[in-house]
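Novice: This is the structure, below, for whatever I ask next.
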Amino acid sequence: MRDRRGRGRRGPLVLPGPLSPGGVPTSRSRSEVFDAVVLDVVADLEAHWEAELRGVEFGVEEVPLLPTGWRPAHVPLATVVRATGTTPARIVAFRLPVQQRATGRADLERLVRAALVERVAELLGRDPDDVDPPR
């Protein structure tokens with residue numbers, strides 16, 4: 001079941017058959033799992049702050065572009081890009097710094113939520129506990 005010459009996975013476990021007409025579902029990559037977690041958190045935040053977050057774009061990047069004098073101890077997990085004349089406000093989560101700090105799926109969800117809540121609070125000028133009250 002190897003990916004020979006870049007043609008994708010092959011064989012009876014992957015291809016459609018009488019017991020699996022759609023083929024066996026493949027597992028999701030780490031980036032797909034991260035994207036799904038970000039989408040869940042964004043959907044939850046937009047449900048509570050619909051009017052305030054209207055027009056705000058959310059995105060995912062692999063790593064942040066760091067200035068030349070950055071300190072290795074502080075790599076941001078997310079950032080806010082303020083709106084300009086024609087460009088809407090954006091909140092960008094950085095996949096690799098978050099995944100390197102996470103120890104599992106629950107920790108990944110917690111870190112993504114914390115990073116995005118802090119950036120939404122910064123954008124709205126509110127306290128993070130007001131944006132996402134502790135449960």
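The values are calculated or read from the model by the stated rules, or taken from the named source; none is laboratory data. Because the structure is predicted, anything quoted here is derived from the model rather than measured. As a convention, Cβ positions derive from the backbone with ideal geometry for all residues, glycine included, and neighbour counts pool all protein chains shown.
Novice: Tally the residues that are among the charged types (D, E, K, R), touching a helix residue (DSSP H, G or I) at 6+ places or on another chain (Cβ under 8 Å) and touching a residue at least 40 places away in the same chain (Cβ under 8 Å), restricting the search to region 83-130.
Specialist: Count: 5.
Novice: I'd like to verify a number: residues in region 40-56 that are loosely packed, with under 14 Cβ neighbours inside 10 Å and either modelled with pLDDT of 95 or more or at negative phi (or both), how many? Break it down stepwise before answering.
Specialist: Residues of region 40-56 loosely packed, with under 14 Cβ neighbours inside 10 Å: 40, 43, 47-48, 50-51, 54-55.
Next cut, either modelled with pLDDT of 95 or more or at negative phi (or both) only: 40, 43, 47-48, 50-51, 54.
Within region 40-56, residues that are loosely packed, with under 14 Cβ neighbours inside 10 Å and either modelled with pLDDT of 95 or more or at negative phi (or both) number 7.
Novice: Which of the residues that make up region 117-132 are closer than 15 Å to Glu50 by Cα, under 21 Å from the mean Cα position of the chain (by Cα) and not small (Gly, Ala, Ser)?
Specialist: Selection gives Val117, Val120, Leu123, Leu124, Val131, Asp132.
Novice: Then there is this: Just need a number here: residues in region 60-77 that are surrounded by 13 or more Cβ atoms within 10 Å (Cβ to Cβ) and closer than 13 Å to Phe34 by Cα.
Specialist: Residues that pass the stated criteria total 3.
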